[in-house]
Amino acid sequence: SKHCVELDNRTANVTVKPFDLDMGFQFELHVTVSGKKINVSEIPELPIPEDWMKDKLELHFYKTEQAAGGGEIQNVTYNKGSGTAVITFLKPG
């Protein structure tokens, strides 16, 4: 479908087109919970950018709010080299 987008006081006409996503990855995480932060380890190295991995971790732990294990995320610190991350929540839980 066609849309008009305003960027820096200029209007651009854009067209949205579907695209195929690559097959997803499934992996197991090891988690240590402590107050507002959790330490995630043994994150496998995947052929995706680090920002994507941070987004995936944030989405996963935000979505687990309904399962009484997550919530609104304040920060995600991801270390690709060590395969670890620290997820900081806004509220302890």
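Things to note:
- Other-chain or far-sequence residues with amide H under 5 Å of GLN74's (modelled H): THR88, PHE89, LEU90
- When the C-alpha to C-alpha distance is required to be over 24 Å, the pairs from LYS36/LYS80; LYS37/LYS80; LYS56/LYS91; LYS2/LYS56; LYS17/LYS54; LYS36/LYS56 that qualify are LYS2/LYS56; LYS17/LYS54.
- Heavy-atom surface of the stretch 37-89, accessible at 1.4 Å and reported per residue (Å²): 62
- Backbone phi angles across the stretch 74-85, fed through the Karplus curve with coefficients 6.51, -1.76 and 1.60 (θ = phi - 60°), yield HN-Hα couplings of 8, 7, 10, 10, 10, 10, 4, x, 9, x, 10, 8 Hz in residue order; Gly and Pro are listed as x.
- Global geometry of the stretch 37-89, whether rounded, prolate or oblate, following the gyration tensor of its Cα atoms and the 1.5 cut on a/c: prolate
The values are calculated or read from the model by the stated rules, or taken from the named source; none is laboratory data. Please read all numbers here as calculations on a predicted model, not as lab measurements. Remember, those area values only see protein heavy atoms, side chains included, never the ligands or the DNA or RNA. Shrake-Rupley method; radii C 1.70, N 1.55, O 1.52, S 1.80 Å.
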